[in-house]
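Here is the structure we will look at, set down as structure tokens.
The values are calculated or read from the model by the stated rules, or taken from the named source; none is laboratory data. Keep in mind that what you see is a predicted model, and the values were worked out from it rather than measured. Reconstructed Cβ throughout: ideal geometry from the backbone, glycine too, with neighbour counts over all protein chains shown.
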Amino acid sequence: MKIEAMAALVTGGASGLGEATARELARLGAKVAVLDVNLELAQKVAAEINAQYGDGCAVACKCDITDTASVEAALAQAAAAHGPARILMNIAGIGSAKRMVQKDGNAAPLEDFARVVNINLIGTYNASRLFAAACARLEPLEDNERGVMLLTASVAAFDGQVGQQAYSASKAGLVGMTLPMARDLARHGIRVCTIAPGLFATPLMKQLPQALQQSLAASIPFPSRLGKPEEFAQLACHVVTNTHLNGEVIRLDGALRMAPR
């Protein structure tokens, strides 16, 4: 699918990997809807994209992916601004690290586990199903393709560290969902792929002490540095343009395999 002139949705588009992806899509000529729970930050990103690539190129939409009404409202707002979307970048998510048995001897709160799974896995599925239903009604393009969506997992889906039970489970769920979702949507001409990033220089990572960031970067075989959000964005956009990529999970990690802790 050609990116130029296509309407695209980016959940979690106000920061980190999502922001980089929204900017790259706009650079390649897409009309981008920046979806995020933080509307103020989404508006800032959209305004900067519009200033750089032309007015009306981006729109900010408040969106809680766990809330169906919120997703539907964001999709409607984006469609009113740019027309029906054919590209969905599912990048919204949260991190978590909590040992099952805590220092005081008590079990980890179930609510914490449920919250991570609800946002990362169920929220992603929620946005995906609503996008897919709308996309399936569109006229097919070349190769009978109607749309493409990306899911964002993590290397933690395969080698999660101590305390990452909730995060790893949520991301492993996305990995497990990729192929059946691609098979399910094949008859509608909608492709599904997942990227599993390793250690990236996101705002969350940059909050860690510099010494710890350097230690984490040194654990990556090559290149021995943190991934750049732009590198994630470039791969995400390649998934859109390479029509034969479907049902696949791609690790983007510099050959990193996470140690237990």
Inside the range 194-220, the number of residues satisfying the requirement of being farther than 16 Å from Met258 by Cβ and buried (at least 16 other Cβ atoms within 10 Å of the Cβ) is 4
Which condition breaks for Gly160 when tested against (1) in contact with a helix residue (DSSP H, G or I) (Cβ under 6 Å, 6 or more places away or on another chain); (2) under 27 Å from Leu130 (Cα atoms)?
(2)
If you scan the range 92-129, which residues turn out to be charged (D, E, K, R) and more than 25 Å from the chain's Cα centre (by Cα)?
Arg99, Lys103, Asp104
Can you tell me which condition Glu231 does not meet? The list is (1) more than 16 Å from Ser128 (Cβ to Cβ); (2) among the charged types (D, E, K, R); (3) modelled with pLDDT of 95 or more; (4) in contact with a helix residue (DSSP H, G or I) (Cβ under 6 Å, 6 or more places away or on another chain), and all the others hold.
(4)
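Could you please find all residues in the range 217-259 being assigned to a helix (DSSP H, G or I) and either farther than 22 Å from Gly12 by Cα or acidic (Asp, Glu) (or both)?
Of the residues in the range 217-259, the ones assigned to a helix (DSSP H, G or I) are 217-218, 229-241.
Listed by number, the residues that qualify are Ala217, Ala218, Glu230, Glu231.
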Among the residues listed as Arg191, Arg115, Arg137, Arg129, the single one being of a type in the set (D, E, K, R) and surrounded by 17 or more Cβ atoms within 10 Å (Cβ to Cβ):
Arg191
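Among the residues of the range 145-162, is any of a type in the set (D, E, K, R) and over 30 Å from Pro260 (Cα atoms)?
So in the range 145-162, the residues of a type in the set (D, E, K, R) come out as 145-146, 159.
Checking which are over 30 Å from Pro260 (Cα atoms) leaves us with 145-146.
Yes.
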How many of the residues making up the range 7-38 are surrounded by fewer than 24 Cβ atoms within 10 Å (Cβ to Cβ) and at positive phi?
2
Residue pairs, Cβ under 6 Å, 6 or more apart or interchain, first in the range 234-245 and touching a residue at least 40 places away in the same chain (Cβ under 8 Å), second polar (S, T, N, Q) and part of a helix (DSSP H, G or I). List them.
Ala236/Thr21
Could you please find all residues in the range 39-56 being under 21 Å from Glu72 (Cα atoms) and surrounded by 17 or more Cβ atoms within 10 Å (Cβ to Cβ)?
Ala42, Gln43, Ala46
List the helices (runs of 4 or more DSSP H) that sit entirely inside the range 154-209 and contain at least 1 residues that are of a type in the set (Phe, Trp, Tyr).
156-159, 165-185
Quick one: what pairs do we get from the range 98-122, first residue closer than 26 Å to Cys63 by Cβ, second in a helix (DSSP H, G or I) and among the β-branched types (Val, Ile, Thr), C-beta under 9 Å, 6+ apart or different chains?
none
